[in-house]
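Below is one structure; the comments refer to it alone.
The values are calculated or read from the model by the stated rules, or taken from the named source; none is laboratory data. Values in this document were obtained by computation on a predicted structure and should not be read as measured data. Positions of Cβ are generated from backbone atoms using ideal geometry, with glycine treated the same way; all protein chains shown enter the neighbour counts.
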Amino acid sequence: MSAWQDARPSRVAGMSARDEILARLRSALEVPRRDEVTEPGDVPRTYQRADDRAEGSDPAKIRQLLVKRLEDYTATVHRTTEAGLPEAVAAALEGAASVIVPPGVPEAWLASSDLSVTRDDGTAGPRALDRIDAVLTGCHTAIATTGTIMLRSDDLSGRRAISLLPDLHVIVVQADQIVLGVPRGIERMGEDPTAPWTMISGPSATSDIELSRVEGVHGPRRLHIVIVEPEPEPEPGPAPDAPKTAPTSQETS
Amino acid sequence: MSTVHLGMPGVRPQHASPGSSHLRGDRSFPAKARTELANPVLRQNLQHATSTIQAKRASVVREVRDWQKLRDAGSALKWQVTDHLPEMLVQLEESVQAAGGTVHWARDAEEAGEIVTRLVLERGQQEVLKVKSMATQEIGLNETLAHAGVHAIESDLAELIVQLAGDTPSHILVPAIHRNRAEIREIFLRTMPDLDPSITDDPAELAGAARRFLREKFLDMSGSVAISGGNFAVADTGTVAVVESEGNGRMCLTLPRTLITVLGIEKIVPSFQDLEVFLQLLPRSSTGERMNPYTTLFTGVAEGDGPQEFHLVLLDNGRSAVLADPEGRSALHCIRCSACLNVCPVYERTGGHAYGSTYPGPIGAILSPQMTGVTGPDDPNASLPYASSLCGACYDVCPVKIDIPSILVHLRAKEVDQRREASGQFHGTWDVAMRGASKLMSSPRAYDAAVRASSALGAVKRTGNIGKLPSALPLIPGWTDHRDLPVPRQSFRSWWKDRERHGGAPAPRPDGDGPEDSPASGEDA
């Protein structure tokens, strides 16, 4: 038996694990390091923060970046306006026979869809949820730079289980929920930090087998994002139902 | 160093417990590396994996204009945490308790194992689901649970492959990288009873099989217990963040009645807003994605959503010992992204198993020996600080700027000092090799003889390098244990003689690709 196999970390009899660990750490820190101790105010915050100028960029450009990022992740994006929303939701839900929605999702969203709708009351267990084809939720915030949708456990995004078990997830994103960078997104999250949050960036995926990407391991295998954009400014001539007027891709980040 | 009275006299930082911890292999790095290098499948897979992830990382990092500033902030935040670790932990504990969670403290692997096992057994469970977690691997939790009759099922695809194969992970991020698709198909066919034997080795089909296998387990989780690790724990809110790709994490964090999270005490971030730094640094450094598919953030217990019982186990297991060395303590800043593994020329060839620890690669080479302590020259972890060419690539990619090369050098110095102090211990092959080489190289006659002997013996590898030759160069044993020497076609001394003979004109270069391209002289073996 070698020496290193015999050695055991010592414990102080009668001392709680908590007190002992804290005492160990205080004792360890008695040996000062070469540099000054870092206090919160010493952290250099020179990176692009929530109040960065770029957050004020043209919202249409930021939306365009979000679309690009989402499509990069192979999420399907539907761009529409408030008036076209029911149609867009119906298109996103195509093929599903049943859908579950959080209690706060407006009925109007499903006005053009013809399928069995369950309004979640918190009672459906995992097996029941597994039998439902799709879930339709709103969201709290969308981050354009990373293509991330943030769901808070609330009446619009629902409890976490309902957006996890059905195989198709359709998320409605309102234009005013879109931010450019991660810091702005986290800041919005920070308004209610202790709620359960889920950040989604594309469908469930793995690269565990020879690094080849496979979509849909455990979470929903298909992700559709419906972006509700403002009605285009009335201009002479153009058709009012064409929201695809956002300037073409221009990296805003 | 003077000892200051701390109110707790006698309490010192402690190394990890050797019994249950998976932090030390059974053989030294060079010995294990030799075995691993002989596995062509491993080398091919590793080469492919590390270069692919490296390229993906580089391209998404290039997109971020303020990357270096984010690294500076990440590094400073981690220093803030280590400098104030006791207070931060107390703050985290208060926040978690205020949110309805229970906090446990574990001094070492055994204590953490006991806490988790007791919680599982008290809830009458025989089976638990796990989310991929380095900390629970480090403490050998699955084995501890198995002793108590509890079966732990890994829910991450790669971890599942490794578990079903009865294997150990070889990479932090892609633990099954040493297995190819055909091997994985075989493993699944052998271990998943309901699997249709017509399944091909297409990764999508294999992932589908894992989905079906685990989905049944997830759906039955309502009364059960899941065990996770955590990427970040926020001191000021008590929020735990779990970063993942597949959705198995969301399943385990959402569906069971009880959730147990085992967390190293260094995983703290000071404030919720600070996540803005780490959630940018981690995904790009790790999988080379702008953001990983799923991140779950939860704080204690939320009514009507997710587990109704939450237990946080805060783990020391050698971390206090890492903290005790001011030159090495920043190893605790690691956020487990694995970027340093993918750029490391040593890791790329040997793979993770050669390091013998849960934490492989450059970060493992500084973390494992500090966590376990090094007991002497025969301790396998004594070899880890030498498992590096000190090229510095690991430091360049580290998202929190851990100066791994400097710590490696520091640990080498410490190890040598330790041996010198325990005089009589100073007879490692390395020292003997150095002494032998110095004797040999100070005598032209002896050196010439040795060089001629090495070629005359013909004990030369087909590659044209001198491999392990303990007897061919009797005066420098050990030197060729650790490195291959290119065989000199002609010794410098004989080349010089030729040159003199040719009256000072440059003699033909002995390696045959000189300007005149003449054949090497007759002195050549």
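Looking at this structure, is B:Thr136 assigned by TED's automatic domain parsing to the domain that holds B:Arg211, assigned to a helix (DSSP H, G or I) and buried (at least 23 other Cβ atoms within 10 Å of the Cβ)?
yes
For the range B:139-165, give me each residue that is among the aliphatic types (A, V, I, L, M) and part of a loop (DSSP other than H, G, I, E, B).
B:Ile139, B:Ala148, B:Val150, B:Ala165
Tally up the residues in the range B:31-57 that are part of a helix (DSSP H, G or I), more than 9 Å from every other protein chain (Cβ to nearest Cβ) and not basic (Lys, Arg), please.
Result for the range B:31-57: 15.
Is it the case that some residue within the range A:85-102 is under 25 Å from A:Ser163 (Cα atoms), at pLDDT 95 or above and within 12 Å of chain B (Cβ to nearest Cβ)?
yes
Return yes or no: is B:Tyr386 surrounded by fewer than 23 Cβ atoms within 10 Å (Cβ to Cβ) and either under 18 Å from B:His171 (Cα atoms) or hydroxyl-bearing (Ser, Thr, Tyr) (or both)?
Yes; evaluated as a whole, the condition is true for this residue.
Would you mention how many residues in the range B:366-388 are assigned to a loop (DSSP other than H, G, I, E, B) and either within 14 Å of chain A (Cβ to nearest Cβ) or at pLDDT below 95 (or both)?
Residues that pass the stated criteria total 7.
If the requirement is being farther than 25 Å from B:Gly288 by Cβ, surrounded by 14 or more Cβ atoms within 10 Å (Cβ to Cβ) and more than 7 Å from every other protein chain (Cβ to nearest Cβ), which of these qualifies: A:Ala23, A:Ala28, A:Ala60, A:Ala13?
A:Ala60
Which of (1) among the acidic types (Asp, Glu); (2) closer than 23 Å to B:Val128 by Cβ; (3) free of Cβ contacts under 8 Å to residues at least 24 places away in the same chain is the odd one out, the single condition B:Glu276 does not satisfy?
(2)
Which ones in the range B:190-209 are of a type in the set (Gly, Ala, Ser) and either under 14 Å from B:Val128 (Cα atoms) or at the interface with chain A (Cβ under 7 Å from one of its Cβ atoms) (or both)?
Listed by number, the residues that qualify are B:Ala204, B:Ala207.
How many residues does the range A:133-184 contain that are under 19 Å from B:Phe278 (Cα atoms) and not aliphatic (A, V, I, L, M)?
Qualifying residue count, the range A:133-184: 8.
Sort through B:Val103, B:Val60, B:Val64, B:Val90 and tell me the only one that's surrounded by fewer than 24 Cβ atoms within 10 Å (Cβ to Cβ), within 12 Å of chain A (Cβ to nearest Cβ) and either in a loop (DSSP other than H, G, I, E, B) or among the basic types (Lys, Arg) (or both).
Answer to the check: B:Val64.
Being modelled with pLDDT of 85 or more and surrounded by fewer than 19 Cβ atoms within 10 Å (Cβ to Cβ) is the filter; apply it to the range A:222-245 and report the residue that is nearest to B:Arg215 (Cα to Cα).
Ranking the candidates gives A:Pro230 first.
Which residues, taken from the range A:38-77, are aliphatic (A, V, I, L, M) and closer than 25 Å to B:Val269 by Cβ?
A:Val43, A:Ala50, A:Ala54
Of all the residues that make up the range B:389-410, how many are surrounded by fewer than 18 Cβ atoms within 10 Å (Cβ to Cβ) and at positive phi?
2
Among the strands (runs of 3 or more DSSP E) lying completely within the range B:223-342, list those that include at least 3 residues that are more than 10 Å from chain A (Cβ to nearest Cβ).
Strands (runs of 3 or more DSSP E) meeting the threshold: B:225-228, B:258-264, B:309-315.
Of everything in the range A:191-221, what is surrounded by fewer than 23 Cβ atoms within 10 Å (Cβ to Cβ) and at positive phi? Give them in sequence order.
A:Glu210, A:Leu211, A:Gly216
How many residues are buried (at least 24 other Cβ atoms within 10 Å of the Cβ), in a helix (DSSP H, G or I) and not hydroxyl-bearing (Ser, Thr, Tyr) if we restrict to the range B:343-365?
The total comes to 8.
Could you tell me which of the residues B:Glu186, B:Glu143, B:Glu114, B:Glu138 is free of Cβ contacts under 8 Å to residues at least 40 places away in the same chain and over 17 Å from B:Asn45 (Cβ atoms)?
The unique qualifying residue is B:Glu114.
Could you grab the pairs with beta carbons closer than 6 Å, sequence gap of 6+ or different chains, first residue in the range B:484-504 and small (Gly, Ala, Ser), second one buried (at least 16 other Cβ atoms within 10 Å of the Cβ) and at pLDDT below 75?
As it stands, the answer is B:Ser491/B:Val451; B:Ser494/B:Glu523, since those pairs meet every condition given.
Quick one: in the range B:106-133, which of the residues that are polar (S, T, N, Q) and more than 30 Å from the chain's Cα centre (by Cα) is surrounded by the most Cβ atoms within 10 Å (Cβ to Cβ)?
Applying the filter and picking the extreme gives B:Gln125.
Before we move on, is B:Ser75 touching a residue at least 60 places away in the same chain (Cβ under 8 Å), hydroxyl-bearing (Ser, Thr, Tyr) and outside the structural domain of B:Thr258 (by TED's automatic domain parsing)?
no
Would a scan of the range A:125-138 turn up a residue that is under 27 Å from A:Glu187 (Cα atoms), among the hydrophobic types (A, V, I, L, M, F, W, C), part of a strand (DSSP E or B) and at the interface with chain B (Cβ under 10 Å from one of its Cβ atoms)?
Looking for residues that are under 27 Å from A:Glu187 (Cα atoms), among the hydrophobic types (A, V, I, L, M, F, W, C), part of a strand (DSSP E or B) and at the interface with chain B (Cβ under 10 Å from one of its Cβ atoms), one finds none in the range A:125-138, hence no.
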